[in-house]
Ligand SMILES: [Zn+2]
C-alpha cells in the first residue's frame, strides 16, 4: 500500500494505491469483513492548516487503509522510528520510510459523537475540548444513506457550548461493504489526528464503555476480553496512537451503558444527547433499532415502563425474539431486570431467556477498577476521583462478573 496526502486550502486529501498482494476485501481489527469502494477520501478541517506532523498523517491514513494492507505500507513523508515500530509490531507489515522525529502535545480532547457515552465522558472531563467527526458525501460514491443525519449531530455538538472542532470527511465512503462506515473504528479520530498539533493534543478520550472495552463489544465474540486489540492500552491501536504522541483514553471504559446513560442524562448536556442517527430537528426517530435498544436502557435507568411504538413483529425487534447471545447482552439483562411490564414489550422473550434480576445485574451500576489502570498518568486521578464520587467501584464479586463474562 502506498499513501499520499495533498492539501488544498482547508481540505486534506488522501490517495492510496494498493500493492499487488493487497486486496479489495479486508478484515477490520474486530473481525468485520469489509470491501473497498474507492481509493481516495478527504478531511475538511475547520480552517487551513499548512503543516501536519508526518506521524499524525500516517496514523490517520492507517485508520483508512489498514484492512486492505497485506505486507507493506509506504508513506509519502518519513515517519518516526517509533511509529514505524508500532505498525510493524501490531500488524504483519513493513512501514516506512523512517526518518522523522516523534511529536508530543499536552492536552486531552474528547472524540465527541453526541451519544450518551461521549456525553458521559464530557461530564467527567468538563474542561476538555470536543473534536466531532461529521460525515459528508463522497464525490465519486453515490450516497444511499441520506437518512443518516450527520448535520443534526454536528448542530447538537455546537449547541453544547463546549470548545468544538468539527472535521468533515467522506472517508466512510471508501467502504462499499457492508455499508459506509469507519474502515477501522479508530478512523473517527482521523480528523482529531490532523488537528492534534493545532490543538496541542497529547491524548484523545473516546466514549467506549465497559461492554466495548472488556465484554467483547456488540460485534465480536461475546466474552471477557482483557487483551481487546481495539481498545486495550497496550493493544496494537493503543500503541500506535501512543507512538504518534496521542494516547488513547477511555474514561468510561470501566462503566456500563446504563451508567453512561445515567451520567449523560444527569449532565448539562442532557438536551444535546442524541444516539439516533436518523432523527431530525424534532428529536430521535423512535423507530430504529438503536432507539429501541437505548430506550430499554433509559427506561431501566429511570425505572419506568418502556415507551415505544415498536412491536415485537417489527424487523428492528427481530433479534430480541431469538434466544441469546445478543450484542450488548449485559444491557439487555439490565433492562429486562428493571423495566416494569417487560413482558408486554418487544423484549418479553429475551427476558424469559435471560432471567436476569436486579441482584444479578447490580455490577453494571459500578466501575471496574482495572479500567482506570489503563488511563495514562496525567488524566488518571481526575477520572478515578470522579468514579469514586459519582459511581462507586465494583466489589470483588462484581468484578468477577466482568471476568467470567461469556463463560457462565
Ligand atoms: Zn432512531
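The values are calculated or read from the model by the stated rules, or taken from the named source; none is laboratory data. Model, not experiment: these values are computed from the prediction. Counting neighbours? That spans all protein chains shown, and the Cβs are built from the backbone with ideal geometry, glycine included.
Overview of results
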read-out: Residue match in the range 362-384 (condition: away from the ligand (no atom under 16 Å from the Cβ), free of Cβ contacts under 8 Å to residues at least 24 places away in the same chain and over 30 Å from residue 203 (Cα atoms)); value: no
read-out: Evaluation of residue 234 against (1) over 16 Å from the mean Cα position of the chain (by Cα); (2) modelled with pLDDT of 95 or more; (3) more than 16 Å from the ligand (Cβ to nearest atom) (one fails), failing number; value: (2)
read-out: Pair list, Cβ under 8 Å, 6 or more apart: the range 281-304 residue more than 12 Å from residue 262 (Cβ to Cβ), other residue part of a helix (DSSP H, G or I) and near the ligand (Cβ under 8 Å from one of its atoms); value: 284/291; 285/291
read-out: Subset of the range 276-321 [outside any helix (DSSP H, G or I), away from the ligand (no atom under 13 Å from the Cβ) and modelled with pLDDT of 95 or more]; value: 303, 304, 305, 306, 307, 311, 312, 313
read-out: Strands (runs of 3 or more DSSP E) contained in the range 38-147 and holding at least 3 residues in contact with a helix residue (DSSP H, G or I) (Cβ under 6 Å, 6 or more places away or on another chain) and assigned by TED's automatic domain parsing to the domain that holds residue 244; value: 72-80, 94-100, 107-111, 130-135
read-out: Output for the range 264-275, where each listed residue is surrounded by fewer than 20 Cβ atoms within 10 Å (Cβ to Cβ) and within 13 Å of the ligand (Cβ to nearest atom); value: none
read-out: Residue that is nearest to residue 263 (Cα to Cα), among those in the range 342-361 that are in a helix (DSSP H, G or I) and without any contact (Cβ under 8 Å) to a residue 24 or more places away in the chain; value: 359
read-out: Residues (modelled with pLDDT of 95 or more, more than 18 Å from residue 4 (Cα to Cα) and surrounded by fewer than 22 Cβ atoms within 10 Å (Cβ to Cβ)) located in the range 71-101; value: 81, 82, 85, 88, 89, 90, 91, 101
read-out: Members of the range 329-341 that are in a loop (DSSP other than H, G, I, E, B) and surrounded by 20 or more Cβ atoms within 10 Å (Cβ to Cβ); value: 339
